[in-house]
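K.L.:
After the structure tokens below, expect a handful of questions from me.
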Amino acid sequence: MKKAYLAGLRLFDSKDAHFPLDFWQVQRKKRAIFTEFLSLDAKELFALELFGDLAMPKQTIEILSLVPSDKVLKLYDRGSPIAHLPLPKNVLILDSFEASCPSFSSNPVEVEQPIFCVEEGADFNFVKSSIKGCRPVQKDGSILPEEGQIVYTLDVVTEAKARELSQLGIFVFQTCRDVKDELERKLLERCPEKLRCLLIEILDLQG
């Protein structure tokens, strides 16, 4: 019998709300990955750490109701209080789980390419999800995002620079104002971006 494994998806997890992620966009992506997992050619499905720390009972039941009636989903969630919920009959809770498949992740926040593992006999095959990841990566503002990444910078940049980076798909955590007159432009035009922002902040404090 074929078995399929989903690892570490953690729907409704607090980490999904951390900068620069949009919580509900991440949930839509994770739900699509879970739906794709349910469509795999395997009668027995294993989901390891399916829910995160923000999952509420109503959300949990809604997600588990997606499991097709002709398949069995076995859940192993350490510390997740779902055993007392009115679960579908084809959803079972495992008290323990001994991994037989190699380590991997189906979580788009953790990896650029979420994957599943399919076990058939003694063979294990990794199956790529059609959904790309959204893994946050902190980089210098001049480095473009790679596929499956969300690039952000914690460097303070001017609002004009932030608009430029936004067009490249790079998220900026903090900005300072742009130069406001010709005198500031002449004073600061040769300064690196970090120094320019620092000097603008000093000018504003003195003003």
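K.L.:
Pick out, from the stretch 113-207, the strands (runs of 3 or more DSSP E) lying fully within it that include 3 or more residues that are more than 31 Å from the chain's Cα centre (by Cα), polar (S, T, N, Q) and not assigned by TED's automatic domain parsing to the domain that holds Leu45.
P.N.:
Here the list is empty.
K.L.:
Report yes if Ala42 is under 30 Å from Glu147 (Cα atoms) and either outside any loop (DSSP other than H, G, I, E, B) or at pLDDT below 90 (or both), otherwise no.
P.N.:
no
K.L.:
While we're here: I'm checking my understanding of the structure. Among residues of the stretch 134-146 that are at pLDDT 95 or above and of a type outside the set (A, V, I, L, M, F, W, C), which one is nearest to Asn107 (Cα to Cα)?
P.N.:
This residue is Arg135.
K.L.:
Related question: When you check Ser96 against the structure, is it without any contact (Cβ under 8 Å) to a residue 24 or more places away in the chain, surrounded by fewer than 18 Cβ atoms within 10 Å (Cβ to Cβ) and not in a strand (DSSP E or B), yes or no? Steps first, answer last, please.
P.N.:
On the way: without any contact (Cβ under 8 Å) to a residue 24 or more places away in the chain: yes; surrounded by fewer than 18 Cβ atoms within 10 Å (Cβ to Cβ): yes; not in a strand (DSSP E or B): yes.
Here the answer is yes, as Ser96 does meet what is asked.
K.L.:
In this structure, is Lys161 among the basic types (Lys, Arg), surrounded by 13 or more Cβ atoms within 10 Å (Cβ to Cβ) and touching a helix residue (DSSP H, G or I) at 6+ places or on another chain (Cβ under 9 Å)?
P.N.:
Against the criterion (among the basic types (Lys, Arg), surrounded by 13 or more Cβ atoms within 10 Å (Cβ to Cβ) and touching a helix residue (DSSP H, G or I) at 6+ places or on another chain (Cβ under 9 Å)), Lys161 qualifies.
Results for (1) surrounded by 14 or more Cβ atoms within 10 Å (Cβ to Cβ); (2) on the phi < 0 side of the Ramachandran plot; (3) not aliphatic (A, V, I, L, M), shown as yes or no for each residue.
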{"residue": "Ser100", "(1), (2), (3)": "no, yes, yes"}
{"residue": "Gly121", "(1), (2), (3)": "no, no, yes"}
{"residue": "Lys139", "(1), (2), (3)": "yes, yes, yes"}
{"residue": "Pro145", "(1), (2), (3)": "yes, yes, yes"}
{"residue": "Val151", "(1), (2), (3)": "yes, yes, no"}
{"residue": "Cys191", "(1), (2), (3)": "no, yes, yes"}
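K.L.:
Okay, moving on. Would you check if Phe37 is surrounded by 19 or more Cβ atoms within 10 Å (Cβ to Cβ), part of a strand (DSSP E or B) and either at pLDDT 95 or above or in the same structural domain as Pro114 (by TED's automatic domain parsing) (or both)?
P.N.:
Working: surrounded by 19 or more Cβ atoms within 10 Å (Cβ to Cβ): yes; part of a strand (DSSP E or B): no; either at pLDDT 95 or above or in the same structural domain as Pro114 (by TED's automatic domain parsing) (or both): yes.
Considered against the rule, which asks whether it is surrounded by 19 or more Cβ atoms within 10 Å (Cβ to Cβ), part of a strand (DSSP E or B) and either at pLDDT 95 or above or in the same structural domain as Pro114 (by TED's automatic domain parsing) (or both), Phe37 comes out as no.
K.L.:
Can you find a residue in the stretch 156-167 that is touching a residue at least 40 places away in the same chain (Cβ under 8 Å) and under 20 Å from Lys15 (Cα atoms)?
P.N.:
For the stretch 156-167, residues touching a residue at least 40 places away in the same chain (Cβ under 8 Å) and under 20 Å from Lys15 (Cα atoms): absent.
K.L.:
Looking only at the stretch 47-98, filter to residues that are farther than 13 Å from Leu11 by Cα and acidic (Asp, Glu); which one of those is modelled with the lowest pLDDT?
P.N.:
If we take residues in the stretch 47-98 being farther than 13 Å from Leu11 by Cα and acidic (Asp, Glu), then Glu98 is modelled with the lowest pLDDT.
K.L.:
State all residues of the stretch 67-121 that are of a type in the set (S, T, N, Q), more than 20 Å from Gly133 (Cβ to Cβ) and touching a strand residue (DSSP E or B) at 6+ places or on another chain (Cβ under 8 Å); if no residue qualifies, say none.
P.N.:
Matches in the stretch 67-121: Ser80, Asn90, Ser96, Ser100.
The values are calculated or read from the model by the stated rules, or taken from the named source; none is laboratory data. Here the structure is a predicted model, which is why all the values come from computation and not from measurement. Quick reminder, even Gly has a Cβ in these numbers, built from the backbone with ideal geometry, and neighbours come from all protein chains shown.
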